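The structure under discussion appears below in the form of structure tokens.
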Amino acid sequence: MIPFSPPRMDQKIIDEVVSALKSGWITTGPRVHKFEQKLTEYAGHKATLCTSSGSAGLELMLRWFGVKEGDEVIVPAYTYCATANVVIHCGAKPVFVDVNEDFNISVEAIEKAITDKTKVIIPVDLAGFPCDYNGINELVKRKDISNKFTPNTEEQKKLGRILVLADAAHSVGAVYGGNKTGKLTDITVYSFHAVKNLTTAEGGAVCLNLPEPFDNSAIHKYLRVKSLHGQTKDAFSKTQIGSWRYDVIEPGYKFNMTDIAAAMGLVELERYDKDMLVRRKQIFDTYSNIFSKYDWAQLPTYETKEKISSYHVYLLRIKGITEEQRDQIIQKIYEKEVAVNVHFIPLPMMTYYKKNGYTIDDYPVSYDNFVRVISLPVYYDLTNDQVKEVATAVIHSVEELL
């Protein structure tokens, strides 16, 4: 069976994790701090805070910005549940909007959804392909839009407009307009979950890129406190001679990353552009070369003049099929010993959100993308022969049905 997305675990990672274990320090410590520094250097934003997950990073930043009951946060209908769940955790209302054919949030749909209750927009770089950040950033700064903004906290007053909080769970290393994800808008959140291009098993990072007059370094220091129960010193700092005393300045959260996780991340980041992304692009290109010969295949967009994907998920769509037919094709592919997936079921189709009044009928592009999409395996150790085997299984399965 060809699996869908096993993590890359080689000797370099094993050696670095063992070194972390032998160091005697396994929770937040020097490796986390080094990983934060390297991530900041990598994308060129202003400061980085590593977290226990991408979801934790999103929620931390919503709470930092003061999002609460009565507020609205605009979210694409086509995304993983974490993007909207964190809004619910804060007591606010997710306002779903439709996406474009490239699976990313529609700027036109965002504009129509903005009200005086809108505090944040969360674009999602689905499959690793960046959203239209120029369009989104220009929209929130437009006078008629910023005039609608009703600030309730000091942070909101200081920004004076809707915050753009990018969900870049899929797009570490993606590029838009010459800049890497992390530097494309106000705040960006990465995920390093086990299935991601760059994995720390579990983990995430907040990339701070807020405009003046914000002090991103000061915010970073505060977020470190907020992400560790509001405690003014982490455990590593307290081990230094004479440094045991600390304070708790607020009831914070337990959102910190461990040094064991950071050890994995440091190895992966060092070789990411020249190794991981190169291999993933090769797999994407091979799939596209094979499927381009078939009229029924709609290939994903992953490179344009302005944008370069991180090649996270290859989203193949089959033209003119129903949801039931797509599911039948997936079943046939599995019978050929190949694992595939679907990214994602739109959130208005999920029980919780349906019970709360959302309906997929309001998001026709999201639904059309969903019913026809099959996510194909893309991972570092997938061999060229296996890529061809996956493609052959898909072709035969589609043609058996159509």
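The values are calculated or read from the model by the stated rules, or taken from the named source; none is laboratory data. Quick caveat: nothing in here was measured; it's all calculated off a predicted structure. Positions of Cβ are backbone-derived with ideal geometry, glycine not excepted, and every protein chain shown enters the neighbour counts. The accessibility values were calculated without ligands, DNA or RNA, using every heavy atom of the protein model including side chains. Shrake-Rupley method; radii C 1.70, N 1.55, O 1.52, S 1.80 Å.
Couple of notes before you dig in:
- Odd one out for I283, checked against (1) more than 20 Å from H45 (Cβ to Cβ); (2) open to solvent by 20 Å² or more (accessible area, probe 1.4 Å); (3) not in a loop (DSSP other than H, G, I, E, B): (2)
- In segment 323-342, residue nearest to P130 (Cα to Cα) [restricted to those that are part of a loop (DSSP other than H, G, I, E, B) and open to solvent by less than 70 Å² (accessible area, probe 1.4 Å)]: V342
- Helices (runs of 4 or more DSSP H) (entirely within segment 1-113) containing at least 3 residues that are open to solvent by less than 20 Å² (accessible area, probe 1.4 Å) and at pLDDT 95 or above: 30-43, 54-64, 81-89
- Each residue in segment 172-202 was checked for being closer than 20 Å to S53 by Cα, open to solvent by less than 30 Å² (accessible area, probe 1.4 Å) and in contact with a Lys or Arg (Cβ under 9 Å, 6 or more places away or on another chain), and 6 pass.
- Qualifying residue in segment 348-360 (condition: in contact with a Cys (Cβ under 7 Å, 6 or more places away or on another chain), part of a loop (DSSP other than H, G, I, E, B) and surrounded by fewer than 20 Cβ atoms within 10 Å (Cβ to Cβ)): yes
- Residue list for segment 291-321, filter: more than 26 Å from the chain's Cα centre (by Cα) and open to solvent by 70 Å² or more (accessible area, probe 1.4 Å): S292, K293, D295, K319, G320
- If you go through segment 382-401 and keep only what is part of a loop (DSSP other than H, G, I, E, B) and either in contact with a strand residue (DSSP E or B) (Cβ under 9 Å, 6 or more places away or on another chain) or open to solvent by 90 Å² or more (accessible area, probe 1.4 Å) (or both), you end up with just L382.
- Failed item in (1) surrounded by 18 or more Cβ atoms within 10 Å (Cβ to Cβ); (2) among the hydrophobic types (A, V, I, L, M, F, W, C); (3) not in a helix (DSSP H, G or I), with I345 passing the rest: (1)
- When the criteria are applied in full, V120 meets the requirement of being in contact (Cβ under 8 Å) with a residue 40 or more places away in the chain and open to solvent by less than 10 Å² (accessible area, probe 1.4 Å).
Yes/no matrix, rows are residues, columns are (1) in a loop (DSSP other than H, G, I, E, B); (2) surrounded by 14 or more Cβ atoms within 10 Å (Cβ to Cβ); (3) more than 28 Å from the chain's Cα centre (by Cα):
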{"position": "S217", "(1), (2), (3)": "no, no, no"}
{"position": "R224", "(1), (2), (3)": "no, yes, no"}
{"position": "P251", "(1), (2), (3)": "yes, no, no"}
{"position": "I260", "(1), (2), (3)": "no, yes, no"}
{"position": "D275", "(1), (2), (3)": "no, no, no"}
{"position": "R279", "(1), (2), (3)": "no, yes, no"}
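- Qualifying residue in segment 139-162 (condition: surrounded by 24 or more Cβ atoms within 10 Å (Cβ to Cβ), under 14 Å from V75 (Cβ atoms) and within 19 Å of the chain's Cα centre (by Cα)): no
- In the set (1) in a helix (DSSP H, G or I); (2) at pLDDT 95 or above, the condition left unmet by F236 is number (2).
- Residues within segment 361-373 that are open to solvent by 20 Å² or more (accessible area, probe 1.4 Å), out of contact with any helix residue (DSSP H, G or I) (no Cβ under 7 Å at 6 or more places or on another chain) and closer than 30 Å to P6 by Cα, tallied: 1
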